[in-house]
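Comments concern the structure below.
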Amino acid sequence: MALPKHADRLERIWHYIYLAICVLIFLFLIAPILIVIPLSFNAEPYFTFTEKMLSFDPTGYSLRWYDLLLTFGMADATAPRDGSWWSDVWANSAWIGAARNSFIIGFFSTILATCLGTLAALGLSRPEMPFRRAIMAILISPMIVPIIITATGLFFFYSATGLANSYVGIVMAHATLGIPFVIITVTATLVGFDHSLTRAAASLGANPTTTFFKITMPLILPGVISGALFAFVTSFDEVVVVLFIAAHDQQTIPRQMWNGIREQISPAILSVATILVFVSIALLATVEVLRRRSERLRGISPN
Amino acid sequence: MANITADLTPSKADTRLTTADGKPLKAALAAAQSHAKRRAFFLVLPLLLFILVTFVLPIGQMLHQSMYNPGFTLHQDVISKVKTPIMVNVRNWFDTNPPGSEPDEAAYAALAKDFLLLDELRAAGSVGTRVNYDLSGTRSLFTKTARKADKLEPPYKAALLEVDEKWANPEVWAVMRGASSAYTINFYLAAADLTRDVNGEIASVPDNRALYVKLFIRTLLLSVLITFLTFILAYPVAHLLATLPLRYSNLLMIFVLLPFWTSLLVRTTSWMVLLQSQGVINNALVASGALADDNRIQMMYNQTGTVIAMTHILLPFMILPLYSVMRPINPSYVRAARSLGATSWTAFRRIYFPQTIPGIGAGALLVFILAVGYYITPALVGGADGQLISNLIAFHMTRSLNWSMAAALASILLGGILILYWLYDRLIGIDNLKLG
């Protein structure tokens with residue numbers, strides 16, 4: 001927003017104040033996320049910058065909290081770091097175990113949410129879909145209903161059906177929470193979809209399955225992948241449902257963080273947070289690349 | 001020969017349009033349409049069934065739980081899962097005597113008989129727990145009485161009063177009467193800070209025990225405040241993003257989308273790091289001399305912490321709808337207003353602002369809906385007075401184990417949310433929800 005040449009002094013002053021306000025708000029948005037990164041390298045068990053850190057003294061920084069992520073929960077953390085040490089890490093480290101669980105649960109719930117969600121989005125974006133609005137509202141509702149209510153309901157339902165304390169139960173619950181994101185992103189991609197392409201494929205003799213995999217799928221793939229990433233992040237970041245329906249030994253990263261924050265808050269939390277910030281930067285970059293690709297494919301270029 | 005003449009002189013039926021294979025076009029079209037409808041529906045069906053099982057049914061079960069608590073009527077053995085009706089005699093006495101009637105010898109005899117069964121099933125604890133929800137301090141009364149059940153002799157009234165004076169308390173009897181039917185609205189009454197008095201009439205609870213209404217009001221007020229704060233912060237940023245050329249605004253959009261993609265727990269942790277009394281903000285203020293070391297600001301474990309952290313977390317949900325409404329606004333309207341002599345403030349107020357109202361509505365409704373049900377952030381940074389209604393639901397689910405109470409509170413919250421959701425769908429449309 002360039003300032004017009006005819007702007008008077010008051011307008012100029014206001015313009016700069018306005019820009020300053022915007023900078024401050026952007027700082028408010030981003031600073032809390034970036035602040036944990038340097039603090040996670042703190043050599044002391046404090047949550048603030050020490051004198052040494054501020055004077056960029058190398059002894060003020062260390063990787064001890066990252067090391068703690070590996071060693072916490074190990075049988076023998078002080079052993080020499082050879083092959084057996086690493087297998088101890090893999091088998092016993094609390095954070096590594098939590099990460100493994102998180103990835104397994106995230107992977108399967110993403111697959112489930114993406115398959116079901118994409119299929120449903122294809123149906124929902126057809127003009128002849130009956131009760132479209134009501135069905136859409138039901139399918140999006142897991143995103144709107146507070147997580148505590150969903151978790152409460154799932155707790156009662158799972159205890160009655162024997163799904164409590166099982167990975168299947170968690171995967172199903174997380175898929176439910178991820179589905180709205182898949183539906184929203186895939187239907188958004190399908191808005192610009194040219195249906196004459198599928199008709200052309202059909203007129204050339206392709207059956208619906210071939211048409212889907214050869215024509216529709218490549219075009220909506222960016223949207224599907226973004227939806228899948230959203231679903232994965234939803235599962236990867238979910239703690240309340242896991243707290244309510246999972247067994248004690250079914251730890252995930254967010255649950256481990258939750259316990260860490262509530263019980264023994266240590267800078268190790270900050271090193272996990274830093275890793276997660278980089279994960280989210282990577283995911284955001286992927287989604288952005290996909291969005292641009294999708295726009296190019298559909299012939300919408302940024303003006 | 002006859003056939004040919006028939007073809008040459010079209011009969012009445014042939015004046016209708018038909019398809020190549022002779023079906024009337026209208027019927028063929030209807031068939032094709034219903035076929036297409038079915039096909040679209042069958043694509044959605046698997047997901048619909050999945051959501052019904054993993055979401056709608058659980059919510060339904062929660063609603064059921066909020067009105068159904070068999071703690072006083074049914075005992076289930078932990079191992080054999082056999083269900084036995086309990087407190088049958090007392091329940092019979094309640095059925096035959098109106099609320100408020102003085103418990104007579106028959107009532108005490110029924111109670112003593114029921115306690116024999118409770119002792120045998122070892123169920124006194126669970127019955128006591130159920131009564132304890134409505135009148136605290138009664139659980140031990142039940143366990144104590146059950147232990148002495150086999151020694152009770154007529155006259156039972158005297159014998160029971162011998163065990164504990166509390167059996168003469170009409171409040172205990174009123175609460176037992178309330179618990180004596182498994183289906184009850186008592187949990188909803190409790191959620192509204194109401195109770196049933198000795199005569200079974202609805203009355204409000206004493207002020208020192210009134211808790212829920214205050215918490216509902218606090219949740220609403222804090223949500224309104226947070227919605228307002230996100231609006232104040234989002235409007236200038238969304239305006240800037242909407243008026244910059246796309247290549248700059250896409251770059252700046254990262255500042256909005258990165259928080260959106262970052263784990264909720266990470267963002268909450270960051271705020272804890274910043275707001276702690278030994279945290280970054282306080283330390284910076286002390287180091288700069290703006291604050292005395294012994295006078296650090298308490299910004300966490302209170303409402304301030306909840307409001308700051310939740311405003312930050314929900315801000316993207318306000319910026320994104322505002323941006324998508326502001327982007328297509330044609331700048332020539334404001335220019336026209338200016339050329340007609342409006343000051344920049346008038347042009348903003350009369351021309352620009354009214355065009356952004358749909359975005360404000362969408363963002364405010366979304367933020368408010370999300371804020372009302374928020375759990376994680378208040379639980380971690382809220383302390384005692386920054387808790388919201390969700391935290392109380394979690395408390396009843398995990399600590400006090402009064403599940404029916406949790407379900408009743410959750411149902412009330414759900415009802416409010418669904419009304420707002422319906423409003424959102426009517427005003428903005430669920431399909432207009434965009435993510436990034």
Helices (runs of 4 or more DSSP H) lying entirely in segment A:1-106 (those with 1 or more residues that are within 14 Å of chain B (Cβ to nearest Cβ)): A:9-39, A:51-54, A:64-71
Taking only pairs six or more apart or across chains, which ones have beta-carbon atoms under 6 Å, a first residue in segment B:321-334 that is without any contact (Cβ under 8 Å) to a residue 24 or more places away in the chain, and a second residue that is in a helix (DSSP H, G or I)? B:Tyr333/B:Ile351; B:Val334/B:Ala347; B:Val334/B:Ile351; B:Val334/B:Tyr352
Quick check: anything in segment B:227-248 out of contact with any Gly (no Cβ under 6 Å at 6 or more places or on another chain), more than 14 Å from chain A (Cβ to nearest Cβ) and modelled with pLDDT of 90 or more? yes
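Among A:Val239, A:Val233, A:Val224, which is open to solvent by less than 40 Å² (accessible area, probe 1.4 Å) and touching a Pro at 6+ places or on another chain (Cβ under 7 Å)?
A:Val239
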Among the listed residues B:Pro103, B:Pro99, which satisfies the condition of being open to solvent by 60 Å² or more (accessible area, probe 1.4 Å) and either within 30 Å of B:Ala210 (Cβ to Cβ) or assigned by TED's automatic domain parsing to the domain that holds B:Leu401 (or both)? B:Pro99
Return the pair list, or none, for Cβ contacts closer than 6 Å from residues in segment B:133-162 that are closer than 24 Å to B:Tyr68 by Cα and assigned by TED's automatic domain parsing to the domain that holds B:Trp403 to residues that are among the β-branched types (Val, Ile, Thr) and not in a loop (DSSP other than H, G, I, E, B), at least 6 apart or on different chains. none
For B:Gly289: the one exception among (1) farther than 30 Å from A:Leu10 by Cβ; (2) surrounded by 13 or more Cβ atoms within 10 Å (Cβ to Cβ): (2)
With the structure loaded, tell me whether B:Ala158 is surrounded by fewer than 16 Cβ atoms within 10 Å (Cβ to Cβ), farther than 22 Å from B:Pro206 by Cα, within 28 Å of the chain's Cα centre (by Cα) and hydrophobic (A, V, I, L, M, F, W, C) or whether it fails that test. no
Within segment B:345-369, can you find the residues that are within 14 Å of another protein chain (Cβ to nearest Cβ) and in contact with a helix residue (DSSP H, G or I) (Cβ under 6 Å, 6 or more places away or on another chain)? B:Ala347, B:Tyr352, B:Ala362, B:Leu365, B:Leu366, B:Val367, B:Phe368, B:Ile369
Being within 12 Å of another protein chain (Cβ to nearest Cβ), small (Gly, Ala, Ser) and in contact (Cβ under 8 Å) with a residue 40 or more places away in the chain is the requirement here; does A:Ala134 meet it? no
Scan (1) over 17 Å from B:Ile202 (Cβ atoms); (2) open to solvent by less than 60 Å² (accessible area, probe 1.4 Å) for the single condition B:Ser136 breaks and write down its number. (2)
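What do you reckon, is A:Ala175 within 26 Å of A:Glu288 (Cβ to Cβ) and within 7 Å of another protein chain (Cβ to nearest Cβ)?
Taking the combined requirement at face value, the residue does not satisfy it.
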Test for B:Ala337: is it on the phi < 0 side of the Ramachandran plot, in a loop (DSSP other than H, G, I, E, B) and surrounded by 16 or more Cβ atoms within 10 Å (Cβ to Cβ): no
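Rundown of residues vs (1) outside the structural domain of B:Ser136 (by TED's automatic domain parsing); (2) open to solvent by 30 Å² or more (accessible area, probe 1.4 Å); (3) hydrophobic (A, V, I, L, M, F, W, C), yes/no style:
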site	(1), (2), (3)
B:Val325	yes, yes, yes
B:Ile329	yes, no, yes
B:Tyr333	yes, yes, no
B:Ala342	yes, no, yes
B:Pro354	yes, yes, no
B:Gly363	yes, no, no
B:Ala394	yes, no, yes
B:Ser400	yes, yes, no
Are there helices (runs of 4 or more DSSP H) fully within segment B:184-273 with at least 1 residues that are assigned by TED's automatic domain parsing to the domain that holds B:Leu380 and surrounded by fewer than 17 Cβ atoms within 10 Å (Cβ to Cβ)? List them. B:212-243, B:246-261
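In contact (Cβ under 8 Å) with a residue 60 or more places away in the chain, closer than 24 Å to B:Asn132 by Cα and in contact with a helix residue (DSSP H, G or I) (Cβ under 9 Å, 6 or more places away or on another chain): which single residue out of B:Leu111, B:Leu63, B:Leu74 fits that description?
B:Leu63
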Please go through (1) buried (at least 18 other Cβ atoms within 10 Å of the Cβ); (2) over 24 Å from the mean Cα position of the chain (by Cα); (3) facing chain B (nearest Cβ under 9 Å) for A:Phe181 and return the number of the only condition it doesn't satisfy. (2)
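The values are calculated or read from the model by the stated rules, or taken from the named source; none is laboratory data. All values reported here derive from a predicted model rather than from experimental measurement. When we count neighbours, we look across all protein chains shown, and the Cβ atoms used for this are built from the backbone with ideal geometry, even at glycine. When the accessible area is computed, the model is the full protein with side chains, heavy atoms only, and any ligands, DNA or RNA have been set aside. Shrake-Rupley method; radii C 1.70, N 1.55, O 1.52, S 1.80 Å.
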